[in-house]
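Below: the structure, in structure tokens.
The values are calculated or read from the model by the stated rules, or taken from the named source; none is laboratory data. None of these values were measured; they are calculated from a predicted model. All Cβ positions, glycine included, derive from the backbone under ideal geometry; neighbour counts span all protein chains shown. Remember, those area values only see protein heavy atoms, side chains included, never the ligands or the DNA or RNA. Shrake-Rupley method; radii C 1.70, N 1.55, O 1.52, S 1.80 Å.
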Amino acid sequence: MTVLEKIFLYLEGKVGGFADFVLKALLALIIYFVARKLIGKLCVLIRKNMLKFHADVAITSFVVSLVKYSLNIFLVLTIIVQLNLVKESSITAAIASAGVAISLALQGGLSNLAGGVLILLLKPFKAGDYIIFPNENQEGTVRKIEMYYTTISSVDNRIIMIPNANLTNSTIVNVTAMEKRKLEIKVGVSYSSDLKEAKGILQRLVEAEPRFLAEEQQFFVDSLGESSITVGLRAWVRTDDYWPVKWEMNEKIKQEFDQAGIEIPYPQLDVHLKEQGN
């Protein structure tokens, strides 16, 4: 065999191996994208059927998210093994060498997954609730609960994604969990004010407001401060009416107190200048 023939055989082997790899890669891509479409349709079908049977929105989002991530991971591993794109021994060696790193990386993910399961089981909140997360100074309406994150939207329509582990390990205030809330308003008045008249105005305003519920109502003197006396009211309203009623009552109280001559004091600084003789 001549040197030229040896070169041709060598190049043929190399080209044939490269062509085989390209075909396998193309086949893998085709399988991947077709399977992704099928997984997407399956997730849509699962969502429709769960909502059809009136499953909780949060549970539906969590299940769909779990199915989607699990099937995609299984798909990638299956393609790699079945098409021999990478030798099984290489995969095993890579997993063994990266085992510690993977376990550390999964700690946060597993914590978030466990947190999501706890939220769905214990139901401290559900989709549609308004929650306050003091630890991160965030609040908003819960949109969905997924495998790793809970998504809320703020009052100015910002989307906030909070890790589930953070929510299960911290204090959460669920503002809309109950159908009604007790509204409390406190106002400082001057020491020269008639306290009975001030409390009478508060009572009259509450009785004139139809959104207050016909339940326990309180009108009181809360504290005697350095420069003012604090009077206040407590009355029940429906949760949806809480903020509108509070804002309107604040405005009405100020107007009624002004008309009655009841002063709402504010911090003042008196400066006395003493003239010194020559």
In sequence order, calculated HN-Hα J values of region 56-71 (Karplus, 6.51, -1.76, 1.60; Hz; x Gly/Pro): 4, 4, 5, 5, 4, 4, 5, 5, 4, 4, 4, 4, 4, 5, 5, 5
Rounded to whole Å², per residue accessible area for region 196-278 with a 1.4 Å probe reads 73
Name the lysines eligible as straight-distance cross-link partners of residue 24: C-alpha to C-alpha under 17 Å, and not fewer than 8 places from it in the same chain. 14, 87
Is there a pair in 196/246; 126/254; 41/144 whose C-alpha atoms are over 31 Å apart, and which pairs would that be? 126/254
Go through region 143-185 and name the GluC sites (Glu not before Pro) that are in a DSSP coil and have 11 or fewer other Cβ atoms within 10 Å of their Cβ. 179
Orientation-averaged projected area, Cα convex hull of region 189-273 (nm²): 6.7
Taking H placed 1.01 Å from N in the peptide plane, check which residues at least 5 places from residue 222 or on another chain put their amide H under 5 Å from its amide H. 230, 231, 232
Roughly speaking, to the nearest percent, how much of region 136-278's 1.4 Å accessible area is carbon and sulfur? 47
Inter-label distance for residue 29 and residue 195, nm, one decimal - labels placed 7 Å from Cα along Cα-to-Cβ: 8.2
From the phi of every residue in region 182-195, what ³J(HN,Hα) in whole Hz does the Karplus formula 6.51 cos²θ - 1.76 cosθ + 1.60 yield, where θ is phi - 60° and glycine or proline is x? 8, 8, 10, 10, 10, 9, x, 10, 6, 5, 7, 6, 7, 5
Near the amide H of residue 144, under 5 Å away, which other amide H atoms are found, from residues 5 or more places off or on another chain, if H is placed in the peptide plane? 151
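Going by average Cβ neighbours within 10 Å, how do the peptides 228-239, 114-125 rank, with the highest at the top?
Averaged packing, sorted descending, gives the order 228-239, 114-125.
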J(HN,Hα) series, region 251-264, from Karplus relation 6.51 cos²θ - 1.76 cosθ + 1.60, nearest Hz, glycine and proline x: 5, 5, 4, 4, 5, 5, 5, 5, 5, 8, x, 8, 7, 9
